[in-house]
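Enquirer: Let me give you the structure first, and then I'll get to my questions.
The values are calculated or read from the model by the stated rules, or taken from the named source; none is laboratory data. Being a predicted model, the structure only gives us computed values, none of them experimental. Neighbour counts are summed over all protein chains in view; Cβ atoms, including those assigned to glycine, are modelled from backbone coordinates with ideal geometry. To get the accessible areas, we keep the full protein, side chains included, count just its heavy atoms, and leave off ligands, DNA and RNA. Shrake-Rupley method; radii C 1.70, N 1.55, O 1.52, S 1.80 Å.
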Amino acid sequence: MKYLLVTLFLFISFLGFGQSVSAPDSKSFTQSTTGQDASGFVLSGFNSTATLLASISLVNPPSGTTFVLNTTTGLTAASGFTLSGNKTRLVVTGTMNNINTALASLKINTGSTKGNVALSVAATINPAGYYYNGVNGHFYRPITTTATYTAARAASLLTTFKGQT
């Protein structure tokens, strides 16, 4: 029997003290097997009613390795993503409880290629009125203005979000 060693990584964007993502201990997965338990990631310290933006990603996975969330209740896929099916990357919005429930249902599907499986989970507060485009990794905030394109663009370049222009 051949095994894959999984290294579980976590990344988090902090907007306040006490917010964190905890990761489970490393696990081994059998090659060419679907539905292997990869649960154990837990978000904590966020306001229970806040809308969070969470990213779940396989980092340079072996060929054929994917993940699936069996429970997605209360989650909304970011633009460019869908909740169903096997993934190598998924970005969602939801409450901390909804995201934790989904993370508890996280399963790994391995292909026939042996290698390390690195999984990244990140979370941040997603303020109302901002939208994440998973295709290009940018946030957008639609506004209504009567300004010309040139004036609106100049004003937007003076605006920051999470430390970025």
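Enquirer: Roughly speaking, to the nearest percent, how much of the chain's 1.4 Å accessible area is carbon and sulfur?
Expert: Details: 4940 of 9070 Å².
Looking at the chain in its full context, I get 54 percent from C and S.
Enquirer: What residue among T95, A154, A38 has its Cα farthest toward the positive end of the dipole of the chain, where the charges are +1 on Lys, Arg and -1 on Asp, Glu, each on the Cβ?
Expert: Ranked along the dipole, the leading option is A154.
Enquirer: Per residue of the chain, what 222 nm ellipticity follows from adding -39500 (n - 2.57) for every DSSP H run with n ≥ 4, rounded to the nearest 500?
Expert: After summing the helix terms and dividing by the residues of the chain, the value is -3000 deg cm²/dmol.
Enquirer: Here is a follow-up. What percent does the relative contact order of the range 62-163 come to when contacts are Cα pairs within less than 8 Å and at least six residues apart? Could you put the intermediate results ahead of the total?
Expert: Numbers: 117 pairs, mean separation 29.6, N = 102.
Across the range 62-163, relative contact order equals 29 percent.
Enquirer: Also, I was wondering about something else. Quick one: if you stick a label point 7 Å off each Cα along the C-beta vector at A155 and N60, how many nm between them?
Expert: For the pair A155/N60, the computed spacing is 4.5 nm.
Enquirer: Okay, next question. Give the accessible surface of the chain per residue, rounded to a whole number of Å², with probe radius 1.4 Å and ligands, DNA and RNA excluded. Each step should come with its number before you reach the end.
Expert: On the way: 9070 Å² over 165 residues.
Roughly 55 Å² per residue, with all protein chains present.
Enquirer: Work out, step by step, the length gained on full extension between K114 and N47: first 0.36 nm times the residue separation, then minus their alpha carbon distance; give nm to one decimal.
Expert: Full-extension gain reported as 20.1 nm.
Enquirer: Further question on the same structure: In nm, give the distance between the simple-model label positions of I143 and T88, each being 7 Å from the Cα along the Cα-to-Cβ direction.
Expert: According to this spin-label approximation, the distance is 3.7 nm.
Enquirer: For the pairs K87/K162; K27/K114; K27/K162, note any where the Cα-Cα span goes beyond 25 Å. Provide the component values of the computation, followed by the final result.
Expert: Numbers: K87/K162 27 Å; K27/K114 14 Å; K27/K162 34 Å.
In this structure, K87/K162; K27/K162 exceed 25 Å between Cα atoms.
Enquirer: Separate question: Over the alpha carbons of the range 78-165, what is the largest minus smallest coordinate on each principal axis, giving the biggest first in Å?
Expert: Cα extents, longest axis first: 55, 30, 24 Å.
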